[in-house]
Amino acid sequence: MVTSLLCFFMITFASLIFIVKKIKRRSEWNLPPSPPMLPLLGNLHQVGELPHRSFQRLAERTGHVMLLHLGFVPVTVISSREAAEEVLRTHDLDCCSRPKLVGTRLISRGFKDIGFTPYGEEWKERRKFLVREFFSLKKVQSFGYIREQECNFLVKNLSESAANRSPVDLSKTFFWLTASILFRVAFGQRFQESELIDKDKINELVFEAETAQASFTCSDFFPIAGLGWLVDWISGQHKRLEDVFLKLDTLFQGVVDDHIHPGKISKDHRDIVDLMLDVAHQQDKDDDSLKLTINHIKALLTNLFLGGIDTGAITMTWAMTELVRNPEVMKKVQHEIRDRLGNNKERITEEDINKVPFLNMVIKETFRLHPAAPLLLQRETRAHVKVQGYDIPPKRRILVNAWAIGRDPKYWTNPEEFNPERFIDSPVDYKGKHFEFLPFGSGRRICPGIAMGIATVELGLLNLLYFFDWRAPDGMTHKDIDVEEAGTLTVIKKVPLKLVPVRVQ
């Protein structure tokens, strides 16, 4: 009883301090409008299982620059092209840091990665290294033979299913494809032969890790007197985060060990792990600004693993979902592909991609309707900025709702329709210069793996659409294929996409 009363008074006292400070700040700043909120919870009760949809509904009533109070933490949500451009270009330097959250701190091993580390010199050096050694266009092109080989293996496997007329779980198939490419490119080993991971559960591990990084953690929203930490400990949230971290740590320790002991695995090139280990071994000898430890290496491998597998697999799944749901679009893209590539190709190469521009439009339209990360990773302001006339103070979290912007009728005609032809003669692309279309973000924090991801998606879809026709399983039609979502940090198709391949080439 005494303990309960003490907790009650602590929470009440902390709440009063928070409210007084908030009222004082409101008199000093021209803050964005906020929807009505509850004591203590703020607007948390208005955020559902799909935050991007919740934020869109709130923004429609409140404004495209909106201040939410998630527990005790103020968060500015951006839902328009104009406001996004101010955050991501005009004030990019002052809005490019990251908040220090419980889940991201753990998964990034104390912010030793490039995805969640706050802005600073160490982050810049690590990102520069990865871009130079892994994500540059030259490097991406050099891995083309790996993508072609893995797509060829995929076609052979799908041909067996086609011969048996059996449905294929494309959601899982695409995870296998992207994992196969990533394991060879980044880890120097074949995914199918790896003993480091349960291959049948690769998509589950990725989804668990993504969920952990974006999960609701009381410590992040109620950082008062350790109360949030206590609730997380009682609810088991800490244990769930630790369990995911342990799975990832075991995987990447195995990857590092395989590279430390030469001859343990057969490789066809020196991979990024070799290069990072070289830096780690030489840094004591050289005065190099890039510092890497084993924990840095494992944190960066986590970025490559999750980003390299997840985004491409999700995008291909949504693309095939929309194509099957829209038979006329499917017919048009397959006609272009087969007409321009001919009927007798045994293998597809990356040189074929430039011959099929409508496929690129299909991919763009998929990104518009189904960005893999509908909310760009949280940013944190490094200084006071003004966005659309509103004040955003220092250390304020910012969320850009790329999903909502991509469906805004102000920028897109009939935005809910899957219509790739909207990109005919359109200059809009996904490289962060057009702020109505932000599947990879923009500015200093733009996803560095755009070229790698696009190359995988283009070649994967090109193979599936050239060699196979696709139909719904027995008892279903294309109208039965749903687009229900699941997830937070990344959003997947809730019900796995199962289709029957019919070999035609």
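The values are calculated or read from the model by the stated rules, or taken from the named source; none is laboratory data. The structure presented is a predicted model; accordingly, all values stated were derived computationally and were not measured. Glycine also receives a Cβ, built like all others from the backbone with ideal geometry; neighbour counts cover every protein chain displayed.
Scanning the range 76-111 for residues that are among the polar types (S, T, N, Q) and buried (at least 20 other Cβ atoms within 10 Å of the Cβ) gives THR76, SER79, SER80, SER97, THR104, SER108.
All of (1) assigned to a helix (DSSP H, G or I); (2) modelled with pLDDT under 95; (3) of a type outside the set (Ser, Thr, Tyr) hold for LEU58 with one exception: (2).
A quick yes/no check of all residues on (1) hydroxyl-bearing (Ser, Thr, Tyr); (2) at pLDDT 85 or above:
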| residue | (1), (2) |
| --- | --- |
| GLU148 | no, yes |
| ASN152 | no, yes |
| SER171 | yes, yes |
| THR178 | yes, yes |
| VAL185 | no, yes |
| SER194 | yes, no |
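Charged (D, E, K, R) and within 21 Å of TRP470 (Cα to Cα): is that true of LYS386 in this structure? No: the conditions fail for LYS386. Quick check: anything in the range 80-90 of a type in the set (Asp, Glu) and within 21 Å of the chain's Cα centre (by Cα)? Yes, because at least one residue in the range 80-90 is of a type in the set (Asp, Glu) and within 21 Å of the chain's Cα centre (by Cα).
Kindly establish whether LYS479 is part of a loop (DSSP other than H, G, I, E, B) and among the charged types (D, E, K, R). Before you say what the answer is, go through the steps one by one.
Numbers: part of a loop (DSSP other than H, G, I, E, B): no; among the charged types (D, E, K, R): yes.
Spelling it out, it is not the case that LYS479 is part of a loop (DSSP other than H, G, I, E, B) and among the charged types (D, E, K, R).
Taken over the range 1-54, the criterion of being modelled with pLDDT under 90, touching a Leu at 6+ places or on another chain (Cβ under 7 Å) and of a type in the set (S, T, N, Q) is satisfied by SER15 alone. For the residues LYS410, LYS431, LYS395, the requirement of being among the basic types (Lys, Arg), at positive phi and part of a loop (DSSP other than H, G, I, E, B) singles out LYS395. Applying the criterion of being in contact with a His (Cβ under 9 Å, 6 or more places away or on another chain) and not in a helix (DSSP H, G or I) to the residues of the range 112-145, the residue that is surrounded by the most Cβ atoms within 10 Å (Cβ to Cβ) is ASP113.
Hey, does the range 345-354 have a residue that's outside any helix (DSSP H, G or I), surrounded by fewer than 22 Cβ atoms within 10 Å (Cβ to Cβ) and without any contact (Cβ under 8 Å) to a residue 24 or more places away in the chain?
Yes; the residues of the range 345-354 include at least one that is outside any helix (DSSP H, G or I), surrounded by fewer than 22 Cβ atoms within 10 Å (Cβ to Cβ) and without any contact (Cβ under 8 Å) to a residue 24 or more places away in the chain.
Among the residues of the range 439-457, not a single one is within 24 Å of LYS355 (Cα to Cα) and touching a Cys at 6+ places or on another chain (Cβ under 7 Å).
Filtering the range 175-194 to residues that are in contact (Cβ under 8 Å) with a residue 40 or more places away in the chain and part of a loop (DSSP other than H, G, I, E, B) leaves GLY188, GLN189. Of all residues being modelled with pLDDT of 80 or more and under 23 Å from ALA209 (Cβ atoms) in the range 220-230, which is surrounded by the fewest Cβ atoms within 10 Å (Cβ to Cβ)? Just the residue, please. Checked the range 220-230; the qualifying residue surrounded by the fewest Cβ atoms within 10 Å (Cβ to Cβ) is PHE221.
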